[in-house]
1. With a 1.4 Å probe and all protein chains kept in place, how much accessible area does VAL428 have, in Å² rounded to the nearest 10?
2. For segment 316-364 and segment 1-42, write down the distance between their C-alpha centroids in whole Å.
3. What share of the DSSP beta bridges in the chain is antiparallel, in percent to the nearest 5?
4. Among VAL53, ASN506, HIS295, whose Cα lies farthest out toward the positive end of the dipole of the chain, if unit charges sit on the beta carbon of Lys, Arg (+1) and Asp, Glu (-1)?
5. Any idea of GLU76's accessible area? Nearest 10 Å², probe 1.4 Å.
6. Anything over 25 Å Cα to Cα? Flag those among LYS335/LYS468; LYS258/LYS317; LYS36/LYS299; LYS26/LYS299, in the order listed.
7. Within the accessible area of segment 260-316, what % is carbon and sulfur when the probe is 1.4 Å and the other protein chains stay in place?
8. Take every Cα pair under 8 Å in segment 116-228 that's 6+ residues apart, average their separations, divide by the length, and report that relative contact order as a whole percent.
Amino acid sequence: MNGGTPRYEYFRGEEGERVLDFTDFKGVQDLGDKLKVLPGTPWKDLLNYNVEVYGLEDASVGGSVHFEDAGFGFNEFGSIRKRVEVEAVIDGNTYTGFYKGGLISSVFIRKEFKPILFMKLERSFNFVINRVKLLYSGGIPPFRDVTLHKVGDLASLYVSFPETRKTLLEDKIKDMSESGPYSFKMGNYKYRYFGSINTLEVDERAFSNVEELIMFIRKDSIKFVALSNTPLSFPYSLEPYSDSNSKELFSGCILCGKCVYVCPHVEQRDDKNYSPLGFFISLALNNQTDYANCHFCGKCENVCPVSLNIVDNLKQKAKNSEVSMSLSIDLPSKKAIVITPISQSLLNEALRVIKYFNSLGVKLGLITLNVPLSSLLKGSKVEISNTIEEIYVLTPEEQYFLLQSKPKNVVDVYFVFDLLPDEKRNLVLSKEIHKSCFYKSNIKGNNKCSFALLEMANNERSANPKAKGEISVCPLAAKKLNIASYVDVLDDVDKNDTNKLVLELNDLINGNELLIQDLSWYEGLDDNIKIDFITRLIDSFIKDKDPASLVLAYVEASRNNLINDEKTKRVFLERIRNSLAS
């Protein structure tokens, strides 16, 4: 561990030719009188251990030491760096003790065993600032900590001290009320400014437009964190990791890193650069490559603290694979299964669903949606037969995308699994479930991405997926993971019945092929003669067959090129459509 610039948290860091990522180095080991903490651990994970000093909840322990943050205990101990010890590497050598540079591998933080009292004073910001100046005008008050917290125009002055010092501080806390332990976080603001000023020279007017302000205070210095959703300027010097006032620098991204831990594209590539965080940084540096080429699941938007339209930004830059349909089926009905480029490998599963729903008294048509995958993923409006009022889809991914792009004539888009009777659903729910990253239901299960759709969308190499389970609610993922899907709990399409259908249709067509060819003589003279004969022929096949069997017969006839005569094909298609519509 040597020869690079450390990065302990996402919201700040230093430039370097080789950046070493410590953000995932998290963990706490209790050593009795102190804690051994890995450098990427956020301070919020330590608050239950009653530590002696701590920083902002969303800052990392390593980052606070590296950047010499102030925190709880600043008045008595100075910066956090001066009160903790580290295990670190500098110039290839490991050392333990107070931080003197290099790469931090562990931080040792003392526990607090003395009783500590906490007090609070709430007044206007101007009043509290003047109280701070009064406290320090005569020297250093023996508080463990003095922290000012301002939200809007209201400010709170928090102080803490060992119980043994209470008599020394009675004149300074007489108008304060008791409080509990306090800590602060940076929240979801777009702009964060870090700086320091002389305690007795602070001017409250410089912070009048700050939405939230945290000041860690001691005699010679105040270290502040100013938070706002609009850009601000200050008459004080700021730390270089303060946010730039350019609104477009990171397109509104505050570099919190929350998206990194939910992004399937990161898991697919095993590389954090392929997150929305990496995407926005690359945009700012004008070197955006293929970080946007994901499948737009939206998990990043669910965790984004500033509610960015991340998916829309990704769609504008993405260059998804142009996967097109390899088959065409047009058997619409009021309720119809729609096969898209996502599910075109699931035709057998579609036929099984159609057969099962027919047994429940529900007639389902079957159509293919002949649009490129990239258009479907990016939400382009699709055109679907006006006959169709309800779309049924085999995968949760298709429900997600078609709900965004369905035409007005479609009332709703249903995911087949959600419509199964309880008997069948419970068969699935009784097993260890893979639920897919697109499925929004609250059923318990592994929701890691299988990368099946991602690989279709970006044609990129994949790491080993973390998705697992005995059965998946996504048939596409099931194929990728080589496990069962919910379709497997439905009654299978009997191959003997299918073969009988195909054989019957084949015998009917072949047995009358010469006559159909002979009737072509009448074309141009009386077209109805041939059409009438073909219609009677097809009706004899259709008679007494349920709509599901007819859909199955049509698909198998198309697969095996059983019907060569175009008029026969057309009549066959029309009669099946009529059966579905009746």
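1. 0 Å²
2. 49 Å
3. Details: 59 of 78 bridges.
Roughly 75 percent of the beta bridges in the chain run antiparallel, per DSSP.
4. VAL53
5. The value for GLU76 is about 70 Å².
6. Working: LYS335/LYS468 32 Å; LYS258/LYS317 21 Å; LYS36/LYS299 33 Å; LYS26/LYS299 23 Å.
Correct reply: LYS335/LYS468; LYS36/LYS299.
7. Values: 940 of 2280 Å².
Its accessible area is 41 percent carbon and sulfur atoms.
8. Working: 206 pairs, mean separation 36.1, N = 113.
Relative contact order of segment 116-228: 32 percent.
The values are calculated or read from the model by the stated rules, or taken from the named source; none is laboratory data. Only a predicted model underlies this, so the values are computations on that prediction, with no experimental measurement involved. Glycine gets a Cβ as well: all are built from the backbone with ideal geometry, and neighbour counts include every protein chain shown. Surface areas here come from the heavy atoms of the whole protein model, side chains and all, with no ligands, DNA or RNA. Shrake-Rupley method; radii C 1.70, N 1.55, O 1.52, S 1.80 Å.
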